[in-house]
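The values are calculated or read from the model by the stated rules, or taken from the named source; none is laboratory data. Being a predicted model, the structure only gives us computed values, none of them experimental. Quick reminder, even Gly has a Cβ in these numbers, built from the backbone with ideal geometry, and neighbours come from all protein chains shown. Keep in mind that these areas ignore ligands, DNA and RNA; they rest on the heavy atoms of the full protein, side chains included. Shrake-Rupley method; radii C 1.70, N 1.55, O 1.52, S 1.80 Å.
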Amino acid sequence: MLLALAFLAPACTAGAGGVAGTPGASGLRDPYFPKLGNGGYDVTHYDLTLDVDPAAHRLRGTAAITARATQDLSSFNLDLVGLKVDSATVEGRPAAVNRAGDELTLRPDIEVGSKLRRGRTFRTVVHYSGSPQTITDPDDSEEGWLPTADGAVALGEPTGSMAWFPGNNHPSDKASYDMKVTVPEGLTAVSNGEPAGPPTTAGGRTTYRWHTPEPMASYLATLAVGRFTTKTSTMAGGITVFTAVDPTVAKASARTVARVPEVVKWEAAHFGPYPFTATGAIVERKGDAGYALETQNRPFFPGPPSIGLLVHEMAHQWFGDSVTPASWQDMWLNEGLATYAEWLWEEEKEDTPAQDSFDDAYEEDANWAFPPADPPSAADISQPPVYGRGAMVIHKIREVVDDDKRFFALLAGWTKAHRHGNASTADFTAYVEKATGKDLTELWKNWLYGRSRPAADG
C-alpha cells in the first residue's frame, strides 16, 4: 500500500512504441529519504533466488517481482545500489533498462506496455550480479551487505535492502516473500518467515528456502549467511520458533534466546495476538554489526542479547513490523512503543515502576534535543528523543486513560486496526483521541511536538 504522494506523475505521455501511459515516479518524496521507493505500482510478492559466495564477496541473484499497477504505466523504477543488471523482462518479454545512480528505469516493449494499465497485475524479472555494498547512513551507521567473520548479514533500515535485491524500497509498500539461497556447503542461510522444506546439497553447495506469507516492508527483510547453531520448535498457537546462533556466542546467548516464547506470549497479552506465523532470533558475533534490528519474525542481534533488548526487538513485531510507519518521519511509533514495552517488562518482571523509567528518561537531556515526531534530519531518526521521549508520550497516554485494562486494550486495538498495514502519527493521535474520548491537543503539543521540556506532570 502506497502513500498518496506516490501517485504524482507527469501528464500523460506516449510510452515505448507509442503506448499511452505515464512513467511511475522515481521516489516517493519521503520527508527524510525522498528518492526511496517508486510510484505507479504496488508490489505484492518478491521471489528471490540468490547465489552467495561470501569469501569472494560475490552475489548473483534473480528477483521475480509481482506488482499491481496503480496508474497506466509507460515505464517504472526499481531501487538497486551497486549491483550490475544483467537482463530484465516484464511479462516474459525483454525490457529496456536505464540506470541513474540507485534508480533503475524499466521500459517494457510495445506489446507488454499496452497491458500495464491501472489495476493490472504484472511480473518483472531482474537478473543481477556483483559485489554487494555496505551503505553508510546519514548517522554514520552501516547497513546493506555487511561481511562477517564467516559469511555476511544483510540489514536494511532504512535503505539497505537495495544493496542485495531490486525493489520498491520504502516502508509504505509491503509484500510477501520467497527466498531460495545457495551458499557454500557448511554454511547456513537464514532469512525471514519459515523454512520452506529441508536444505538440499549438490556440488559442494547447499540451498535453503524461506517463505514469508505476511506482508513485510523491504527494510525488514534479512539474510544471514555463516556458521550457525539452529533450533526449531513450536510454541502455543502453532507459531514456529526458529533460532540461529553463531557457535562462538551460543553459550552466552542460550538463556536469553530460550526466553523468546515467554517474551512473545507476554507481549501478546499486552499488545494483542502475535501477528505472524513464525518467530525466533538471529545472533551473530559481537562486532558483526553495530546494532540490533527488528528484522521480521526473527530479530537480529550482534552478540548475546540482554532480556531488555529481546523485549524491545520483539515488541517491534507489533510496532513497526505488523503496523509499519507510513514514512520515516513516523519512526517514533516504532521506537517509542518498543521502548515502553521495556518499561512495562521492568515494571511487571523486575519491580521497577514505569513511572521510575519515565522519570529517568525525563531527566536525560539527550531526550530533549528535538520533538520525537519531527526529527530535524535523516541523521536523527534513530536518536534518543525518538526512543526515550517517544516512550514518555506513551506513558502520558497511560496516565490519561488511568486504567491499565483500558490502556492495554487501547494498544491491542491499535495493532488490530492496522495489522499488516501502514500508519502515520496523525493516524495514531486520531485513534487515541477516539479511543479515549478526549481532546489531547495539549499532550501532543507538549510531548510529541514541543521543542522545550514541559513540566513532568504537565
Between region 234-265 and region 143-177, the Cα center-to-center distance that results, in Å: 23 Å
The chain shape via C-alpha gyration tensor axes, a/c threshold 1.5: oblate
Contour minus Cα-Cα distance for residue 185 and residue 64 (0.36 nm per residue): 41.0 nm
Cα gyration tensor category, rounded, prolate or oblate, for region 336-455 with a/c compared to 1.5: rounded
Accessible carbon and sulfur surface of region 166-253 relative to its total accessible area, %, 1.4 Å: 55 percent
DSSP loop GluC sites (Glu not before Pro) with at most 14 other Cβ within 10 Å excluded, longest remaining stretch of the chain: 1-184
DSSP-loop trypsin sites (Lys or Arg not before Pro) across region 394-458, with at most 13 other Cβ within 10 angstrom: 438, 451
Computed over region 87-145: relative contact order in percent, which uses C-alpha pairs under 8 Å that are six or more apart: 30 percent
Residue 265 paired with residue 53, simple spin-label distance in nm, labels 7 Å along Cα-to-beta-carbon: 4.8 nm
Distance in nm between pseudo-label sites at residue 84 and residue 140 (7 Å out along the Cβ direction from Cα): 3.5 nm
Region 239-368 - convex hull of alpha carbons, volume per residue in Å³: 116 Å³
Region 282-430 - charge dipole about Cα centre, Lys and Arg +1 at Cβ, Asp and Glu -1, debye rounded to 20: 700 debye
Difference of contour (0.36 nm per residue) and Cα-Cα distance, residue 440 to residue 403: 11.6 nm
Top positive-direction residue, dipole computed over the chain with Cβ charges, set 122, 430, 256: 122
Extension gain (nm, one decimal) between residue 451 and residue 374, 0.36 nm per residue minus Cα-Cα: 26.8 nm
Accessible surface, region 13-96, averaged per residue in Å² (probe 1.4 Å): 36 Å²
Check: the chain dipole with +1 on Lys, Arg Cβ and -1 on Asp, Glu Cβ, in debye: 1880 debye
On Cα atoms only, tilt of 390-401 relative to the major axis of the chain in degrees: 50 degrees
Accessible area per residue, Å², region 246-393 with all protein chains present, probe 1.4 Å: 31 Å²
Apportionment of accessible area to carbon and sulfur, region 279-379, percent (1.4 Å): 42 percent
Sequence of 85, 225 when ordered by accessible area, the most exposed leading, probe 1.4 angstrom: 85, 225
Heavy-atom accessible area per residue - region 162-243, 1.4 Å, Å²: 32 Å²
